[in-house]
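The block underneath contains the structure these notes are about, expressed in structure tokens.
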Amino acid sequence: MRQYAMIIDLNRCVGCHACALACRAEWDIPAQDGYRRNWVKNLGPAKTSHGLSFTAYPGLCNHCDKPACVPVCPADQIKKTFTEPKTGKTRTMTVAATWKNPFDGTVQIDKTRCLGCGACADACPYGARYVNTNIANKDLDGDGIADKCTFCKPRVEAGLRPACVQTCIADARIFGWRDEPKIADYIKKGAIRLSSAKVQTGPNVYYYGQPKDLELLTKTSTPQEMP
Amino acid sequence: MNRRRFLKMSAATAMAMAAFSLDGLPPKGGLFRASRALAGTNYGPMNGSMGARETTSVCEMCFWRCPIVAKVRNGKLIKIEGNPKSPVNGQRVCARGNSGIQLLYDPDRIKYPMKRVGARGEGKWAKISWDEALEEIAHNMNKVKKKYGPHALAYFDHGASAENLREVFMAMGTENYTSEPAFFQCVGPAALAYLETVGYIATGTRQYNDMPHAKAMLLVGSHIGENVHVSHVREFIEGLSAGSKLVVVDPRFSVAAGKADIHLSIRPGTDTALLLAWINYVIQNDLYHKEFVANTCQGFSDLKKEVKGYSLEWAAEICDLKIADMKAAIKMLAQASPHVMIHPGRHSTWYGKGDVGRHQSYAILSALFGAVGVPGGLYFTTPVKVGHIECVEKKSKAVAPVDVSLKEDSNYPFSSTFGTVTADIIKAINTSKPYPIRLLGVNGVNIMQTIPDPYETMKAIKKLDFIFCEEMMAGETALWSDIILPDAVYLERYDGVYAYEGLTPYITVRQPVLPPMYEAKTPYWIAKNLARHLKIDGFPLPDARALVNHDLAAVDLSIDKLNKKGGIISLPANPYRTPKNLKIATDSGKINLSVAAFEDEDLDAIPKFQPAPAPPKGYARLIYGRCPVHTFSRTMNNLWLNHEVPENKLWLNDEIAGQLQIKNDETVVLENQDGKRSNPIKVLVTPGIRPDAVYMTHGFGSKSPHLSRAYGKGAADGYMMTNTVEDPFMGATSKRTNFVRIVKNKSILDIPEIIPIPAAIPKFKLRKLAADRDRQKAGAKPQYASAGDFSSKERRGGE
Amino acid sequence: MPSQHPFFFLSTAFTYPEQVDIQPLFEVLGSLSADLGIEFNQQEEADNISLTDLQAEYVRLFINSASGVPAPPYASIYIGNRGILLQQGHDEAMSFYQRAGLETIESSECEDHIAFELAFIGHLIEDGRLDFLREFTHEHVIKWYPEFFQRLQSARPCHFYKILGQVTGLCLKQILIEEKADE
């Protein structure tokens, strides 16, 4: 299976929050507490073993290899057929209202079948999901609708870049297939994921930067426990 | 269901309603009619911004003005992106650029012309018509002019919407316009230093610094990255990615410092000592570009003599730096010569005395390294020709004769080139010297937060006969205005041709994405119609679109032609010079290492180190900077941006915090050297700030309750600035000459002096400390600089 | 013939007061509130407030105010918690108007202004389009009116707007009650 992934190069990032705002604009996300698909947390200045660091944690859904959010969805299971856009190949899987796409590795939500129960949001160690309670599937007696980063799937399928990548003023975000050179080279030269001994979901957002910045990032932002 | 069952009206109500409709008011309000449009517009939430109608334009969330495309669906702006054809930002826009939609649709926008119906500053307004509003302004302008003379009219302006109205003030004969806080409170000293040294303003509104091709860069107190001007940040990051070395001099560990090879955490106020010691070191160790200096510079031997005394050993003590670090840094820069970017900085009104000299020192270093007109150095602009129409003919804009001119006869020999000194206008209002100023027009400026000592400004406003403003959002100025005019948001107007003369020159235009909402009008319409009320001849073109087309026609372009090319055209650049074709535009024809024009005015031709007074015992210096999500104090009420970063924090050195037992995120109040207190502010405990300084980002802590989201969130640095020192060259006012201590749970905490201050640096002398202490001991309340200053009593002029 | 339905009056009362004589406004509101059992001494209130004061109060509550406009009278602000103009609430209103074959006159105001929505209700009642009335009230107006009303009351409005808010709320409630009774 091919997997979409993102590199965030902290050597280029200046922590300006353009990504977070472009995402809010593109997907029309209300400015309420906790309502966001994409966020920036400015870190430091703080001491590290490599000297002072002043960096940022630009976060989004990690589209994990083993997403913790998918198996907890209590919505009815249905059969869903996925198609690979390029080859037309299809694959049918049994899914609830959220799943990992078998052809691009992105984790997606069926907004029309979500009950808004929040189980997925609670299960994510990265806090990447939220439940929008301004809207709901009334026919299902829903309480809201879960939302998160889709890696801008509709844009990507239309040949565009994700909104956060397009707007990044410093070109610090690189999006593509995990095995493409522009991504794989970063992984080879030491880009890290925010994983820990107990959190091994296989995130697909990678961070690259000076050792001091990666140290501050992991110290402050890597989840140590599964929720 | 029977419709009569709805609302059982009594006979009395039916009668009253009948009388009501007889009163000549259509009870339906006449609000609806049968639809003439075809049904089928698909209203409702959409998935993403793809497929929306696109209009190219120019951003104005800050004055950097990135080319943009605005995406509209069903008559509504849904997203803003960078213009893909733009050579500076491409499809990128910053956080603020992305949030322009929130400015356009902000419910706190000024929607109608309004007049004050309560006391000045009370914020009680009634809606009036444009005609009434303009007539009222015209009447007052004429009245004040007649009674006190033309110079009694003054205009504070900033940004693209200010230019048309400026011509109206000029036509009234006043000399008091272009009094931009943006100049006298920001880039002024830097601009003058470069103009006199290298013959052009290498840093001003635009910055001509070739960072992408630099092999080493020096930033002194810069906020690149935190101060987001998209192409400037891009150039910085490009340079670093291409392998440029980076030296950052800053008492604070900035974003740039985080990317630096060497960070020098310098004692605030001593930068010029370091620079002069470096200049001396470069000369003494033959690290300068001899050929360039010999051919292109004048004054080298004077410079050499003048800086001889400034050794690294001396600077080490003054600046609180290690000799080895200083040496390593200057060697790193010298090795890259001539492709070295001594960044000219931007905001330069730091200490008053010495600000011009500090920027002269950067320019001298650039020259010594031969880093002028070469890749990686200061580069030359590529003039881009476009037309320019005078809305009022030049001869009708002559300044009226005056015995003593505020502008020409200022105490500052170099101010009049740039306008009337902002602080002088405030002084003149308060003292009526050299003449009274009684009417103020304000356009796009928060005069409370941008001019130091807001208390003086407030006093001045109360003295005015009349004050009006043209604004999009009501800021502190609007609260005090007699008439408020609603300005169209940048997304609703044409307002000029934008030509970029930097590394990738282009021509583009701002054009309306949507028509103005409510009764907002374009700046051109407002100026044209005010001129009509004043019976000023001018504004011959029907509207701003015609004006833009007029200016484009001079280069055989039009709005339509430009739009066919994606809204922007790129032009070839000519930034570099060979030694042969290098021409310097100074009077001497050379780069002035020593500036004769300064000497002629009894000012230093070559910079000397003048120490800025150090913090008095118990205080730390207040320094401030930028937040990448906000533009000055203008965007704090923007729903998205406010949600993203709602308040600022006080950076406090971790060791000091430990001694004072202040924890991270704890809330404190600041008290400055004159007893003025700030709004409450949360503390960021960090090793990233020196113990002798505290830092906060500028623009927060709005005291305009009108800005509902921004009101009282965080503290305002501006309200702590009651001590200003004027730069002797041009009268720019210092902003880093204020000192604060911390108030926690109502008790004052002195900031311990961890780093000894050398004898060569005098300490700031407290002015009223004793009196204040006595007052506090006696149990009297200290002077709060918080919302109290805007309490209803004072709004009625009771101060 | 001009319509007599109270919703048209409520609509007018929620527009900027410009008529020189404000007495009739108070009279109708007084009479309506009496019908609905709300106490409102219209004569005294009308005597105690000048047109300018009423205008300044309207500006403060609904247009621009020294403490941020406390009760922007637009559906868009409240529905979906958007906080700004011309969002989902406005889309909804426009969609209802369009389905009813009506359009708003040219105006500098946003079409989801309370005055438009109340006038629209008046039209639906006049034209006997009661299913549509039910849908518009239920699916749209009631989604935002309570929060708007609450923000209006927290802003401590002068009596006229306080009572206007209450009367409007009761009139809307009446629609919902009668609809229920009908089922």
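Tell me, which residue of region C:96-152 that is of a type in the set (Ser, Thr, Tyr) and buried (at least 16 other Cβ atoms within 10 Å of the Cβ) is farthest from B:Tyr105 (Cα to Cα)?
C:Thr137
Among the listed residues A:Ala75, A:Ala18, identify the single one that is within 19 Å of B:Val629 (Cα to Cα) and either surrounded by fewer than 24 Cβ atoms within 10 Å (Cβ to Cβ) or under 19 Å from the mean Cα position of the chain (by Cα) (or both).
None of the others qualify; the one that does is A:Ala18.
If you scan region B:598-627, which residues turn out to be under 28 Å from the mean Cα position of the chain (by Cα), hydrophobic (A, V, I, L, M, F, W, C) and closer than 30 Å to B:Ala585 by Cβ?
Within region B:598-627, B:Phe598, B:Leu603, B:Phe609 qualify.
Would you point out which residue out of B:Ile461, B:Ile467, B:Ile507 is assigned to a helix (DSSP H, G or I), touching a strand residue (DSSP E or B) at 6+ places or on another chain (Cβ under 8 Å) and either over 25 Å from B:Gly566 (Cβ atoms) or in contact (Cβ under 8 Å) with a residue 40 or more places away in the chain (or both)?
B:Ile461
If I filter region B:146-167 down to residues being of a type outside the set (Lys, Arg) and out of contact with any Gly (no Cβ under 8 Å at 6 or more places or on another chain), which single residue comes out as farthest from B:Val725 (Cα to Cα)?
Applying the filter and picking the extreme gives B:Asn164.
Among (1) of a type outside the set (Gly, Ala, Ser); (2) in contact with a helix residue (DSSP H, G or I) (Cβ under 9 Å, 6 or more places away or on another chain); (3) closer than 29 Å to C:Arg60 by Cα, there is one condition C:Ile105 misses while meeting the rest; what is its number?
In the conditions (1) of a type outside the set (Gly, Ala, Ser); (2) in contact with a helix residue (DSSP H, G or I) (Cβ under 9 Å, 6 or more places away or on another chain); (3) closer than 29 Å to C:Arg60 by Cα, C:Ile105 misses (2) alone.
For residues that are in a loop (DSSP other than H, G, I, E, B) and either away from chain A (no Cβ under 12 Å) or open to solvent by less than 10 Å² (accessible area, probe 1.4 Å) (or both), tally how many sit in region B:622-637.
Qualifying residue count for the region: 9.
Name the residue, out of B:Glu647, B:Glu599, that is touching a strand residue (DSSP E or B) at 6+ places or on another chain (Cβ under 9 Å) and open to solvent by 20 Å² or more (accessible area, probe 1.4 Å).
B:Glu647
Taking C:Ala100, is it of a type in the set (Gly, Ala, Ser) and either under 29 Å from B:Ala11 (Cα atoms) or more than 10 Å from every other protein chain (Cβ to nearest Cβ) (or both)?
no
If I ask for residues that are outside any helix (DSSP H, G or I) and open to solvent by less than 20 Å² (accessible area, probe 1.4 Å), which ones from region B:119-148 would you list?
Across region B:119-148, the qualifying residues are B:Gly121, B:Gly123, B:Trp125, B:Ala126, B:Ile128.
Can you spot a residue in region C:145-161 that is outside any helix (DSSP H, G or I), in contact with a His (Cβ under 9 Å, 6 or more places away or on another chain) and in contact (Cβ under 8 Å) with a residue 12 or more places away in the chain?
Scanning region C:145-161, I find no residue that is outside any helix (DSSP H, G or I), in contact with a His (Cβ under 9 Å, 6 or more places away or on another chain) and in contact (Cβ under 8 Å) with a residue 12 or more places away in the chain, so the answer is no.
Restricting to region B:79-100, name every residue that is among the β-branched types (Val, Ile, Thr) and open to solvent by less than 10 Å² (accessible area, probe 1.4 Å).
Passing the criteria: B:Ile80, B:Val93.
Of the residues B:Phe414, B:Phe418, which single one is over 26 Å from B:Ile536 (Cβ atoms), touching a helix residue (DSSP H, G or I) at 6+ places or on another chain (Cβ under 7 Å), of a type in the set (Phe, Trp, Tyr) and open to solvent by 10 Å² or more (accessible area, probe 1.4 Å)?
Result: B:Phe414 is the single residue among B:Phe414, B:Phe418 that is over 26 Å from B:Ile536 (Cβ atoms), touching a helix residue (DSSP H, G or I) at 6+ places or on another chain (Cβ under 7 Å), of a type in the set (Phe, Trp, Tyr) and open to solvent by 10 Å² or more (accessible area, probe 1.4 Å).
Somewhere in region B:550-571, is a residue in the same structural domain as B:Ser129 (by TED's automatic domain parsing), closer than 29 Å to B:Gly173 by Cα and in contact with a strand residue (DSSP E or B) (Cβ under 9 Å, 6 or more places away or on another chain)?
Scanning region B:550-571 turns up no residue that is in the same structural domain as B:Ser129 (by TED's automatic domain parsing), closer than 29 Å to B:Gly173 by Cα and in contact with a strand residue (DSSP E or B) (Cβ under 9 Å, 6 or more places away or on another chain).
Can you name the residue in region C:15-60 that is more than 10 Å from every other protein chain (Cβ to nearest Cβ) and of a type in the set (Asp, Glu) and is also nearest to C:Pro157 (Cα to Cα) among such residues?
C:Glu45
From the list B:Asp727, B:Asp674, B:Asp717, pick out the single residue that is away from chain C (no Cβ under 14 Å) and at pLDDT below 90.
None of the other options fit; the residue is B:Asp717.
Taking A:Leu43, is it more than 9 Å from every other protein chain (Cβ to nearest Cβ) and surrounded by 19 or more Cβ atoms within 10 Å (Cβ to Cβ)?
So A:Leu43 passes the test.
Quick test for you: out of B:Ala597, B:Ala605, B:Ala546, B:Ala612, pick the one residue that is outside any strand (DSSP E or B) and in contact with a Gly (Cβ under 7 Å, 6 or more places away or on another chain).
Only one candidate qualifies: B:Ala612.
List the strands (runs of 3 or more DSSP E) that sit entirely inside region A:124-227 and contain at least 1 residues that are basic (Lys, Arg).
Those strands (runs of 3 or more DSSP E) span A:173-177.
Conditions: (1) open to solvent by 20 Å² or more (accessible area, probe 1.4 Å); (2) of a type outside the set (Val, Ile, Thr); (3) without any contact (Cβ under 8 Å) to a residue 40 or more places away in the chain; (4) within 14 Å of chain A (Cβ to nearest Cβ). B:Lys663 meets all but one. Number of the miss?
(4)
Filter region B:173-202 down to residues that are among the charged types (D, E, K, R) and at pLDDT 90 or above and give me whichever is farthest from B:Val404 (Cα to Cα).
This residue is B:Glu196.
Specify the residue that is farthest from the other protein chains (Cβ to nearest Cβ); the eligible residues are those in region B:216-243 that are among the acidic types (Asp, Glu) and in contact with a helix residue (DSSP H, G or I) (Cβ under 8 Å, 6 or more places away or on another chain).
This residue is B:Glu235.
Please work out if B:Lys76 is in contact with an Asp or Glu (Cβ under 6 Å, 6 or more places away or on another chain), within 12 Å of another protein chain (Cβ to nearest Cβ) and surrounded by fewer than 24 Cβ atoms within 10 Å (Cβ to Cβ).
no
Considering every residue within region B:192-199, establish whether at least one is more than 25 Å from B:Gly496 (Cα to Cα), open to solvent by 30 Å² or more (accessible area, probe 1.4 Å) and part of a strand (DSSP E or B).
no
Hey, among the residues in region A:46-86 that are of a type in the set (Val, Ile, Thr) and farther than 30 Å from A:Thr220 by Cβ, which one's nearest to the other protein chains (Cβ to nearest Cβ)?
Of everything passing the filter in region A:46-86, A:Thr83 is nearest to the other protein chains (Cβ to nearest Cβ).
Could you grab me the full set of residues in region B:678-701 that are more than 27 Å from B:Ile318 (Cα to Cα) and either of a type in the set (Phe, Trp, Tyr) or open to solvent by 10 Å² or more (accessible area, probe 1.4 Å) (or both)?
Matches in region B:678-701: B:Asn679, B:Pro680, B:Lys682, B:Leu684, B:His698, B:Phe700.
If you take the residues in region A:120-144 that are under 17 Å from the mean Cα position of the chain (by Cα) and among the hydrophobic types (A, V, I, L, M, F, W, C), which one is surrounded by the fewest Cβ atoms within 10 Å (Cβ to Cβ)?
A:Ala123
The values are calculated or read from the model by the stated rules, or taken from the named source; none is laboratory data. These figures come from a predicted structure and were not determined experimentally. Every residue, glycine as well, gets a Cβ built from its backbone with ideal geometry; the counts of neighbours run over all protein chains shown. Just so you know, the surface numbers come from the protein's heavy atoms only, side chains and all, with ligands and any DNA or RNA stripped out. Shrake-Rupley method; radii C 1.70, N 1.55, O 1.52, S 1.80 Å.
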